[in-house]
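Report on one structure; see the data block that follows.
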Amino acid sequence: MSSNQIALKNLVSMEALSNEEVMALIKRGIEFKNGAKVHYDDQHIVANLFFESSTRTHKAFEVAELKLGCDLLDFDVKTSSVNKGETLYDTILTMSALGVDVCVIRHPEVDYYKELIESPTITTSIVNGGDGSGQHPSQSLLDLMTIYQEFGRFDGLKVAIAGDLDHSRVAKSNMQILKRLGAELYFAGPEEWRSQEFAGYGQFVTIDEVIDQVDVMMFLRVQHERHDYESIFSKENYHRLHGLTQERYDRMKETAILMHPAPVNRDVEIADHLVEAPKSRIVEQMTNGVFVRMAIIEAVLKGRE
Ligand code: CP
């Protein structure tokens, strides 16, 4: 039994986790990556309900659940009664009534999970796979795991988060927890997409002011499904003003790392040929996503014991 095996009722936001719980989940993810094995013999049913598109989060949760020996309940939004007007509450109430242990949910509505975790009838555990432009806690945890593996600490690290701040659930999840863990934060990107919400967590800068000083350069995807960015920027202009060009990559410290939650809009946020460059940890982030999600599912299943 590892001291990093914690119990959680649900996992819906980073604010809901203490620093100790965050560190335990990161370290448990690293233990899984290093070969720790858990394979449940008794039945644990998990349903992954994705009401918004996903490759990484959806499939990494599936792989994590399969590795743990969970039973996966297929749920396809397109062929479900959602098309007959069933509400999210009623879908999850049904999952709970059927005996599903954990529902991993991605949904476009910010804070969709509140009525689910407050319901006295719904007993299934909720894991947030992303709520609109609200939170993305499993992405945040895999980002933290990637940073921790690289530097072994957060305290004093200089982290720049650059791009579509306002529409990014990744930025909002990460800024809160990184500040709490002692990192120094900088926010770069178009002024049109940076609300004052960010000012409480770090300093607004231009990418060129900080690119040669930071330890972590984290780019955000331009959320073109949430707004019409091309009415403000052409792809070329965005890349030139706010993206990672070869010249900016060369100015990054030798020890600095490049991160992006992906999918990357290649040649917009990051030049195509730099996505897998030596300083990039983007592929590592995806791999770590499986192991940290094993830690998350283990924790919520333990919370049900
Ligand atoms: N990073 C991330 O959430 O990717 P998906 O939208 O593919 O899950």
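Scanning the range 51-91 for residues that are more than 18 Å from residue 140 (Cα to Cα), open to solvent by less than 30 Å² (accessible area, probe 1.4 Å) and among the small types (Gly, Ala, Ser) yields 69, 80.
Against the numbered list (1) under 22 Å from the mean Cα position of the chain (by Cα); (2) over 24 Å from residue 54 (Cβ atoms), residue 120 comes up short only at (1). Every condition in (1) closer than 30 Å to residue 107 by Cα; (2) open to solvent by 10 Å² or more (accessible area, probe 1.4 Å) holds for residue 213 except the one numbered (1). So is residue 106 touching a Ser or Thr at 6+ places or on another chain (Cβ under 8 Å), under 29 Å from residue 1 (Cα atoms), basic (Lys, Arg) and open to solvent by less than 50 Å² (accessible area, probe 1.4 Å) or not? Answer is no for this residue. Residue under question is residue 226, and the condition is that it be modelled with pLDDT under 95, touching a Gly at 6+ places or on another chain (Cβ under 9 Å) and closer than 16 Å to residue 164 by Cβ; does it hold? In short, yes. For the range 232-253, the criterion of a residue being of a type in the set (S, T, N, Q), open to solvent by 40 Å² or more (accessible area, probe 1.4 Å) and touching a helix residue (DSSP H, G or I) at 6+ places or on another chain (Cβ under 8 Å) is satisfied by at least one position.
Listed here are the residues, each with its yes/no results for (1) in contact with a Gly (Cβ under 6 Å, 6 or more places away or on another chain); (2) at pLDDT below 95.
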position: 162; (1), (2): yes, no
position: 178; (1), (2): no, no
position: 193; (1), (2): no, yes
position: 196; (1), (2): no, yes
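Of the residues in the range 2-9, none is within 19 Å of residue 305 (Cβ to Cβ), among the charged types (D, E, K, R) and without any contact (Cβ under 8 Å) to a residue 12 or more places away in the chain. Just need a number here: residues in the range 108-146 that are more than 19 Å from residue 15 (Cα to Cα) and either touching a residue at least 12 places away in the same chain (Cβ under 8 Å) or within 12 Å of the ligand (Cβ to nearest atom) (or both). Matching residues across the range 108-146 total 7.
With respect to the conditions (1) within 16 Å of the ligand (Cβ to nearest atom); (2) over 19 Å from residue 139 (Cβ atoms); (3) surrounded by 17 or more Cβ atoms within 10 Å (Cβ to Cβ), residue 47 lacks only one, and its number is (1).
Please determine whether any residue of the range 17-30 is within 15 Å of the ligand (Cβ to nearest atom) and closer than 24 Å to residue 114 by Cα. No, the range 17-30 contains no residue that is within 15 Å of the ligand (Cβ to nearest atom) and closer than 24 Å to residue 114 by Cα.
Listed by first and then second residue, the pairs linking a residue in the range 85-96 that is under 12 Å from residue 117 (Cα atoms) to a residue that is open to solvent by less than 60 Å² (accessible area, probe 1.4 Å), with Cβ atoms under 7 Å apart and 6 or more places separating them unless they lie on different chains, are 89/116; 92/103; 92/116; 92/122; 92/124; 93/122; 96/122; 96/124.
Restricting attention to the range 14-59, the residues being touching a strand residue (DSSP E or B) at 6+ places or on another chain (Cβ under 7 Å) and hydroxyl-bearing (Ser, Thr, Tyr) number 2. Considering only the range 15-23, I want to know if a residue exists there that is open to solvent by 30 Å² or more (accessible area, probe 1.4 Å), of a type in the set (A, V, I, L, M) and touching a Gly at 6+ places or on another chain (Cβ under 8 Å). Looking for residues that are open to solvent by 30 Å² or more (accessible area, probe 1.4 Å), of a type in the set (A, V, I, L, M) and touching a Gly at 6+ places or on another chain (Cβ under 8 Å), one finds none in the range 15-23, hence no. Please list, ordered by first then second residue, the pairs with beta carbon atoms under 6 Å, 6 or more apart or interchain, first in the range 52-68 and in a helix (DSSP H, G or I), second basic (Lys, Arg). Short answer, once both residue conditions are applied: 60/293; 61/293; 64/293.
The values are calculated or read from the model by the stated rules, or taken from the named source; none is laboratory data. Predicted, not measured: the structure shown is a model, and the values here were computed from it. In this analysis, Cβ positions are derived from the backbone assuming ideal geometry, glycine residues included, and neighbour counts consider all displayed protein chains. When the accessible area is computed, the model is the full protein with side chains, heavy atoms only, and any ligands, DNA or RNA have been set aside. Shrake-Rupley method; radii C 1.70, N 1.55, O 1.52, S 1.80 Å.
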